[in-house]
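The values are calculated or read from the model by the stated rules, or taken from the named source; none is laboratory data. The shown structure was predicted, so the numbers you read here are calculated from the model rather than taken from an experiment. Here Cβ is always computed from backbone atoms with ideal geometry, including for glycine, and neighbour counts include all displayed protein chains. These area figures cover heavy atoms from the full protein model, side chains too; ligands, DNA and RNA do not enter into them. Shrake-Rupley method; radii C 1.70, N 1.55, O 1.52, S 1.80 Å.
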Amino acid sequence: MDWTTIRLLYLSELRSALRERSVLINGILIPLLMYPLMMWVMFSAILFVTARTESFASRVEIAGLPAEHRGLLERLEEEGRVEVTEVDAPAAGTAAAYRAGIEERLRASELDAALIFEATADGPPGNAAVSLLSDGSSDQSQTARGRLERALSAERSDWLDRIAEQHGLEGGEWQVFDVESDNLATGVEMGQFLMGMMIPLFFVIMIANGCLYPAIDSTAGERERNTWETTSTLATRRIHIVAAKYLYVATMGTVAGALNAAAMVVSFRSFLGPLLARLGDGDGSGFAFELPLRSLPVLLLTAVLLGALIGAAMMILAAFARTFKEGQSMVTPLYLLVIFPVVVLNDPSLEFTPPLAAIPVVNVVLLLRQAIAGNLLWLQLGITLLSNAAAIVGCLWLASRVLRVEEVATGSFEGNLFQFLRRQLRPAGGKA
Amino acid sequence: MSTNQVEVHGLSKSFFDQARGEVNAVREVDFECRSGEIFGLLGANGAGKTTTLRMISTVLQPSSGTARVLGHDVVREPVEVRRNLGFYSASTALYPRLTARETLTLFARVNKYPAERTRDRVEEMIERFGLGEYAGARIEKLSTGMKQKVSIARTVVHDPPVLIFDEPTVGLDVLNALDLQKGIQELRDEGKTILFSTHIMSEAERLCDRIAIIDKGRIRACDGLEGLRAATSQHYLEDIFVHYVTADDTTG
């Protein structure tokens, strides 16, 4: 192999590509900026909605509040931004009509939520059945419901304590058993779990995206621009020209994947982390988005593997196209074929077994997920490397067979890869 | 002393076309190009000129026969052939996103012009073809005339002894076409061997030292203009061309 010539052609392809707006947008800008931008927009939107919701004054009506639960009003006052209208319990026989009236006012947004206490005959004083009415389709009503639930829960707990005390029970004795929940996963582990679900999925999509335009541009695009014949008169073997183009396509895919993964980690840390901390009522604040150092070589390796594999497959398909448009229609099914299993298999319960490690692309996603979680399964890693390497070699072998056929190399073959294969497999003499 | 730089013997090309079936585009073509001459392939559209030149330039493989450039066989030594050849045609466009200077450097380097002399050679080409002001501009931004000049410069930048021009003036205005013809004559004067195809009689008459008339994939005649005149008793090349082509029609 004449590596000096391959290097010259490769650099020329890269230089040319980096001056093309579509390549820059699809291969660099989208992978780099899409997720930070998307998360920033999401972060800002959620904060805006949250702030707006929190500033609402909730209009609440409470009917039939027992004397034993007057504390509820104090709690609501402490909650702030709750305007309470207290009314007597509906007279006997009017409960249904009263409730219907409340429902109507809720739907008309004249009221945000209502509490209706109905005293029960049995039980200690203050025992009551409570109905909390709200409109789930309204943010304002949902907020009011949340505020009422928090105050009601605290009031109920206090009242139960008081009743228990009257019966001579201390503290939590009446509760029989106490539930103490403890999340054993550290914040870093939870962050890695979330990143493991998201990063591999978008990683594959972005590598496919990164390869798509260069694969078509360097084959069908050359024919469309009439530069293919110019290239084929260069004093070098065709294999060197194809090798340079292939390296260029694989590089663009790899770079798109690596940039995307880096951008996603930064986005998780800068946008999603603070967002979860702010919204999570404690739980979310436990997320920490740290990528284990040992996952970085795996990330790079998988980017190279996928770039090389998807790039080769896309180039084979695009080699049959004579125009960019034809190239797009020939390559897009492969793009979808690559993404489909990745989306379908993005199930956290899916175990990365050796048989799954033999399926190209899918194995890369699962390997990456494990690596982000800090686990390296060496057997699966080995199988993944072998299976992808075999697929790459298979694609390159097929490419060399395809480009050896003059009609394909010159762009005069009318048809796609499958028509070509059918023709190759047809017995000799069956052409006419 | 004149030696043959290009030798073509029994060269044929057939291919399968879905609409037309088996097509014999070139049939047992024979000719030689001598050192330092402009050899013209004159024929109507579809006569087989481009297919013949593509086989000589190794873009297409012959179905049978041989073609040699400086003794190198186009099938067995395609890289050597391309190294000694500059190929220019309407379908050899330039890379639109590279600049003229980058294009010339790439072609000089890949075509194995000595690396240490490449920079000087590229600057020489830029000056010779009047590209100075535009050398740093992307090809896609240049006018048709300037692109034409860059194309010729990239054809000759590696200083090949043999040049092929396949209908180079197609699509050019009169002034640019004359400019190009002048450039080709200058290259011949520098000692290059030039294989030139055209369907324009005046162009062939003005430029070519010897002319081969090609029709339906076969060479009908091959000689200098005076020789063709003597053989046909016709003065004008147009009449000579018609003489050979119609003679073929009447003989079937």
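For residue A:270 and residue A:182, the FRET efficiency from 1/(1 + (r/R0)^6), where r spans their Cβ atoms and R0 equals 30 Å, is about 0.55.
Rg then Dmax, both in Å and based on the Cα atoms of segment B:94-159: 10.5, 31. Size descriptors for segment A:58-175 (Cα atoms only): Rg and Dmax, in that order, 15.2, 48 Å.
In terms of distances greater than 19 angstrom between alpha carbons, the cross-link table entries B:49/B:216; B:13/B:216; B:49/B:182 yield B:49/B:182. Basic side chains Lys and Arg get +1 at the Cβ, acidic Asp and Glu get -1 at the Cβ, and with that the dipole of the protein assembly as shown about its Cα centre reaches some 3720 debye. Taking chain A as a Gaussian network of alpha-carbon nodes connected by springs under 10 Å, the highest mean-square fluctuation of the residues A:312, A:129, A:63 belongs to A:129.
So what does the Cα-only Debye profile of segment B:93-252 read at q = 0.11, 0.21 Å⁻¹, as log10 I(q)/I(0), no solvent term? With no solvent term, the Cα-only Debye profile gives -0.54, -1.31. Per-residue surface analysis assigns residue B:113 an accessible area of about 30 Å², computed on protein heavy atoms at 1.4 Å probe radius. Taking B:175, B:142, B:70 in turn, the Gaussian network model of chain B (Cα-Cα springs below 10 Å) assigns the largest fluctuation to B:175. Whole-percent P(r), the protein assembly as shown, all Cα pairs, 10 Å bins from 0: 3, 12, 16, 16, 13, 10, 8, 7, 6, 5, 3, 2, 0, 0.
In plain terms, the C-alpha convex hull of segment A:294-408 casts an average shadow of 7.6 nm² when viewed from every direction. Take each peptide in A:253-259, B:212-218, B:157-163, A:100-106, count the other Cβ atoms within 10 Å of every residue, and average; sorted highest first, the result is A:253-259, B:212-218, B:157-163, A:100-106. Relative to the longest principal axis of the Cα atoms of chain A, the long axis of helix A:324-344 lies at roughly 40 degrees.
Separation of segment A:28-49 and segment B:84-157, taken as the distance between their Cα centroids, equals 45 angstrom. For segment A:354-360, 3J(HN,Hα) computed residue by residue from phi via the Karplus equation (6.51, -1.76, 1.60; θ = phi - 60°) reads x, x, 5, 5, 8, 9, x Hz, glycine and proline entered as x. With 5 Å bins beginning at zero, the pair-distance distribution over Cα atoms of segment B:1-95 amounts to 3, 13, 22, 24, 20, 11, 5, 2, 0, 0 %.
Between the alpha-carbon centres of segment B:173-211 and segment A:57-110 there is a gap of 100 Å. Hey, with R₀ at 22 Å, roughly what FRET efficiency would residue A:85 and residue A:138 work out to, going by the Cβ-Cβ distance, to 0.05? So, using R0 = 22 Å, E works out to roughly 0.75.
Pairs of C-alpha atoms in segment B:1-159 farther apart than 24 Å represent 44 percent of all such pairs. Between B:167, B:238, B:28, the Gaussian network model of chain B with springs among Cα atoms under 10 angstrom shows the greatest mean-square fluctuation at B:238.
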